[in-house]
């Protein structure tokens, strides 16, 4: 069982044209420079942007099919979506946010506990740190028991240490889930760490040569480092 | 001081404001968050009272609410009786008259809500209606309260429209603004002063409250 998508969308600067697949229980990392179309791709998967052409299918459910005129709204795709920056509801506490679309309150408590937010559950988003807000955003997305998790550069606004901590926590929790995860980032280390598969997107298209270029070892790199890099890239693909 | 006209003005403003917020909030949501055919025509129509003199609006409403007018006929068929020269009539007239003054500030407060919150609600499974009640309204409370106060004050001061539709029936349609006009006409300046002075603290106090609400 997997998520498959064939997407075409004309933007102001280029045409996005990609095909992607993500099996259940795996994480697909979309990596690319800023403005390469990654966010538009994940927004198309969520139903927040409509592709010009294509098809998005998860298990037997057709989310989008331009040839048949099918386009499920985001509400019917049963997603977990974590936005690039803080999109928590400012009028609710962290608990209220995490439980916003939850079906099981015990699951909310467990998630808040896992992410170390139990003591902050009654605080408003504007009263906690950026890292805590994004942890809560991940709780909110997972608490609704989604059939697909989409994360759009969720930790890009955070400092390096917090970002590393959060991605470790995220990896730990997604490894226990059976749904596909699509993770957008512009950080190559993050993509290689989180993704079972890494898909480089440049100018709206898959560009593996770009990935090779940016991860190429500098002149004079020793053989051991080169071998480690080759192994990691092979694993990533 | 004769308190009945002031009481009637406050009653009219309170009823009209409550109804107007109920009408204006969903309409402002439709105008700010969705695109639909004829949207700009509807928006211009609800804003039309801003561009018309109150007596002109009152004149049209006199016919619309009258026994041969559309609203007047429907009212008579449903409830019997007439709308002209009644309190209900001046409430309906005030709603038409003050609608743009409710729509504009509510629209502005909805536009201030981060659009990402709406997307966030959608991906969490909320319908546009549920998003309105669970996300948009709670994040626009100050703006809606400010709009309610402005509409209340605007209706408190209504004159031309109320006079045209309601005339001046004591205890029914003779609101404070009409009582002041009549007092001046009959050279009862003391009465006019007393009623006019009452408007200053009411208006000033409410405007201070609006400043406080819109600053948040």
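The values are calculated or read from the model by the stated rules, or taken from the named source; none is laboratory data. Only a predicted model underlies this, so the values are computations on that prediction, with no experimental measurement involved. Here the Cβ positions follow ideal geometry from the backbone for every residue, glycine too, while neighbour counts run over all protein chains shown.
Quick look at the numbers
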{"read-out": "Selection count where residues are surrounded by 19 or more Cβ atoms within 10 Å (Cβ to Cβ), within 10 Å of another protein chain (Cβ to nearest Cβ) and farther than 15 Å from residue A:98 by Cα, scope segment B:123-136", "value": "1"}
{"read-out": "Residue A:49 at pLDDT 95 or above, assigned to a strand (DSSP E or B) and either within 24 Å of residue A:3 (Cα to Cα) or more than 12 Å from every other protein chain (Cβ to nearest Cβ) (or both)", "value": "no"}
{"read-out": "Wholly enclosed helices (runs of 4 or more DSSP H) of segment B:11-118 bearing at least 3 residues in contact with a helix residue (DSSP H, G or I) (Cβ under 7 Å, 6 or more places away or on another chain) and buried (at least 18 other Cβ atoms within 10 Å of the Cβ)", "value": "B:54-64, B:87-111"}
{"read-out": "Segments classed as helices (runs of 4 or more DSSP H), wholly inside segment B:157-216, with at least 2 members that are under 30 Å from residue B:113 (Cβ atoms)", "value": "B:189-215"}
{"read-out": "Any hit, segment A:74-94, residues being in a helix (DSSP H, G or I) and more than 11 Å from chain B (Cβ to nearest Cβ)", "value": "yes"}
{"read-out": "Check on residue B:141, facing another protein chain (nearest Cβ under 10 Å), in a helix (DSSP H, G or I) and out of contact with any helix residue (DSSP H, G or I) (no Cβ under 8 Å at 6 or more places or on another chain)", "value": "yes"}
{"read-out": "Residues within segment A:121-179 that are outside any helix (DSSP H, G or I) and surrounded by 21 or more Cβ atoms within 10 Å (Cβ to Cβ), tallied", "value": "11"}
{"read-out": "Count of segment B:176-197 residues which are in contact (Cβ under 8 Å) with a residue 60 or more places away in the chain and surrounded by fewer than 16 Cβ atoms within 10 Å (Cβ to Cβ)", "value": "0"}
{"read-out": "Leading residue by the ranking (nearest to the other protein chains (Cβ to nearest Cβ)) among those in segment A:52-73 that are closer than 19 Å to residue A:144 by Cβ and in a loop (DSSP other than H, G, I, E, B)", "value": "A:73"}
{"read-out": "Qualifying residue in segment B:95-109 (condition: within 14 Å of another protein chain (Cβ to nearest Cβ) and within 21 Å of the chain's Cα centre (by Cα))", "value": "yes"}
{"read-out": "Index of the failed condition, residue A:163 passing every other in (1) without any contact (Cβ under 8 Å) to a residue 40 or more places away in the chain; (2) under 12 Å from the mean Cα position of the chain (by Cα); (3) over 23 Å from residue A:92 (Cβ atoms)", "value": "(2)"}
{"read-out": "Given (1) more than 14 Å from every other protein chain (Cβ to nearest Cβ); (2) at pLDDT 95 or above; (3) under 20 Å from residue A:147 (Cα atoms); (4) surrounded by fewer than 20 Cβ atoms within 10 Å (Cβ to Cβ), number of the condition residue A:41 does not satisfy", "value": "(4)"}
{"read-out": "Some residue of segment B:79-89 being under 17 Å from the mean Cα position of the chain (by Cα) and in contact (Cβ under 8 Å) with a residue 60 or more places away in the chain", "value": "yes"}
